[in-house]
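Take a look at the structure set out below.
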Amino acid sequence: MTMKPGLRKFALTAHVTCSIGWLGTVIAYIALAIAAQTSQDIQTVRAAWIAMELIGWYVIVPLALTSLLTGIIMSLGTPWGFFRHYWVIFKLLLTVFSTIVLLLHMPLVSSLARLAEEVDPAGLSRLPNELFHPAVGLLLLLIIVILSVYKPRGMTPYGWKKQQKQHNRL
């Protein structure tokens, strides 16, 4: 089922907006993680951890889930299809993987944010470095953007069959 042009443009706008929003908030999260790791100011470290928890749960998680949902809608409602092109499958797999890792990691961020609120100043320096997960997440999101823009060639066997059926009908 292919969406009508107006609906397709609306869905595409929602998908691009949420996806780029996800990318931008991950960059903001990385800035907070750097501040938490490098600052000598106790209040800055505490505030950074609290902000990482808030931006994670209330911005990054909803944008990730919405990007995933709108991506599925776009693949089902456009000629690109869900399983016709390898780049669509790779985007889906990377998005699902990134979202799952995010959802599994956020409880740790919440625990560390609570710990940052309660621990004495010496304990703040022992909080772990929070750059690995968001840096890898940013890399994966950039790969997803590259796949979206360049759309590497390569149809799946299912895609070839669908294309042949369309050509035979014409």
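Would you point out which residue out of 76, 7, 68 is more than 20 Å from the chain's Cα centre (by Cα) and of a type in the set (A, V, I, L, M)?
The match here is 7.
Taking the stated definitions as given, is residue 20 within 18 Å of residue 127 (Cβ to Cβ) and at pLDDT 95 or above? Considered against the rule, which asks whether it is within 18 Å of residue 127 (Cβ to Cβ) and at pLDDT 95 or above, residue 20 comes out as no. Within the stretch 131-170, the set of residues being out of contact with any helix residue (DSSP H, G or I) (no Cβ under 9 Å at 6 or more places or on another chain) and part of a loop (DSSP other than H, G, I, E, B) comprises just one member, 170. Residues in the stretch 34-47 that are in contact (Cβ under 8 Å) with a residue 24 or more places away in the chain and in contact with a helix residue (DSSP H, G or I) (Cβ under 6 Å, 6 or more places away or on another chain) were compared, and the one that is surrounded by the fewest Cβ atoms within 10 Å (Cβ to Cβ) is 42.
Evaluate the stretch 55-67: report whether one residue or more is under 25 Å from residue 160 (Cα atoms) and out of contact with any Lys or Arg (no Cβ under 7 Å at 6 or more places or on another chain). Checking the stretch 55-67: not a single residue is under 25 Å from residue 160 (Cα atoms) and out of contact with any Lys or Arg (no Cβ under 7 Å at 6 or more places or on another chain).
Residues that are assigned to a loop (DSSP other than H, G, I, E, B) and of a type outside the set (Lys, Arg) were ranked within the stretch 48-92; the one that is farthest from residue 124 (Cα to Cα) is 79. Need the failing condition index for residue 116 against (1) out of contact with any His (no Cβ under 8 Å at 6 or more places or on another chain); (2) surrounded by fewer than 18 Cβ atoms within 10 Å (Cβ to Cβ), just the number. If we test residue 116 against (1) out of contact with any His (no Cβ under 8 Å at 6 or more places or on another chain); (2) surrounded by fewer than 18 Cβ atoms within 10 Å (Cβ to Cβ), just (2) comes out false.
Against the condition outside any helix (DSSP H, G or I), surrounded by fewer than 17 Cβ atoms within 10 Å (Cβ to Cβ) and either among the β-branched types (Val, Ile, Thr) or within 24 Å of the chain's Cα centre (by Cα) (or both), how does residue 128 come out, does it pass? So residue 128 passes the test. Show the residue pairs that are 6+ apart or on different chains and have beta-carbon atoms under 6 Å apart, the first residue being within the stretch 1-14 and of a type in the set (Val, Ile, Thr), the second being exposed (fewer than 11 other Cβ atoms within 10 Å of the Cβ). Listed by first residue and then by second, the contacts come to nothing, as the list is empty.
The values are calculated or read from the model by the stated rules, or taken from the named source; none is laboratory data. Note that the coordinates shown come from a computational prediction; the quantities given were computed from them, not determined experimentally. Please note: Cβ atoms are built from the backbone with ideal geometry, for glycine as well, and neighbour counts cover all protein chains shown.
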